[in-house]
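What follows is a single structure, written as structure tokens, with notes after it.
The values are calculated or read from the model by the stated rules, or taken from the named source; none is laboratory data. Worth saying up front: this structure is predicted, and the values here are computed from it rather than measured. Heads up, the Cβs are rebuilt from the backbone with ideal geometry, glycines too, and the neighbour counts pull from every protein chain shown. All accessible areas refer to the heavy atoms of the entire protein, side chains included, with ligands and DNA or RNA removed. Shrake-Rupley method; radii C 1.70, N 1.55, O 1.52, S 1.80 Å.
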Amino acid sequence: MGSSECRAWYEGDPVLEAYHDREWCRESHDDRFLFEMLCLEGASVGLSWRTIMHKREAYRAAFHGFDIAACARMSDAELEALLHNPGIIRNRAKVFSVRKNAQAVQALQAEFGSFDAYVWSFTGGERIDGRWRHAADIPTESVASRAMSADMKKRGIAFVGPVITYSFLQAVGVVNDHLADCPHR
């Protein structure tokens, strides 16, 4: 199963174990999935990833399965109603950011052809493979995450500091930070 260091952040939690084993650091080029991860990472600001992952299905239900066009069209009334939904984090700025970010992602799709093309442009289309031996070696941000953060902020995307964008790059597989001895590398 790999080193105990590899398992430390998810072991004992079936939701996090499944995420680690099946999704985390797995390369994705699906705009809908990329948008979902952007939204979930943004929702995690100031909270634990565990909290967000345990609310993931409620987020999917609340935000139309993270369909970008559907989220971009959400009305103020729809978003206001979500502030009473105990299944998600009921932070007004985070809830309303989903619509704002969907609209910004639509603009990126128009400009780059896809959200995927935009995301991967920060690494020249290349996957970054950390090959770290110890969890303490894994950075919390990078040159790519800082550049992405600055550009996303300039384009009006919310909750995208360099640490969040680094986590996002891991979540969608642009960065592979599975430890060298992790069987899910």
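Structure notes:
- In summary, the lysines within cross-link reach of LYS100, defined as a Cα separation below 20 angstrom excluding same-chain residues under 8 places away, comprise LYS153, LYS154.
- 3J(HN,Hα) along the range 62-79, derived from phi through the Karplus expression 6.51 cos²θ - 1.76 cosθ + 1.60 where θ = phi - 60°, amounts to 5, 10, 6, x, 6, 5, 4, 5, 5, 5, 5, 8, 4, 7, 4, 4, 4, 5 Hz, with x in place of Gly and Pro.
- When you filter the trypsin sites (Lys or Arg not before Pro) in the range 108-146 for DSSP loop state and at most 13 other Cβ atoms inside 10 Å of their Cβ, you are left with ARG127, ARG131, ARG133.
- Longest stretch of the chain clear of exposed loop sites (GluC sites (Glu not before Pro), DSSP loop, at most 12 other Cβ atoms within 10 Å, sites excluded): 28-125.
- Hz values of 3J(HN,Hα) by residue in the range 130-142 - Karplus curve (6.51, -1.76, 1.60), Gly and Pro given as x: x, 6, 6, 9, 10, 4, 5, 7, 5, x, 9, 7, 8
- Centroid-to-centroid separation of the range 148-179 and the range 111-139 [C-alpha atoms, Å]: 9
- Projected area, mean over directions - the chain, Cα convex hull, nm²: 9.9
- Taking amide H atoms as placed 1.01 Å from N in the peptide plane, the amide H of TRP132 lies under 5 Å from those of ALA180, each 5 or more residues away in sequence or on another chain.
- The residues of the range 37-185 expose on average 45 square angstrom of accessible surface per residue, using a 1.4 Å probe on protein heavy atoms.
- Taking every C-alpha pair closer than 8 Å and separated by at least 6 residues, the mean separation divided by the residue count of the chain gives a relative contact order of 32 percent.
- Cα gyration tensor, the range 70-131 - rounded (a/c under 1.5), prolate or oblate: oblate
- Rounded to the nearest 500, the 222 nm mean residue ellipticity of the chain from helices alone is -15500 deg cm²/dmol, with -39,500 (n - 2.57) taken per DSSP H run of at least 4 residues.
- Cα gyration tensor, the range 99-182 - rounded (a/c under 1.5), prolate or oblate: prolate
- Accessible carbon and sulfur surface of the chain relative to its total accessible area, %, 1.4 Å: 53
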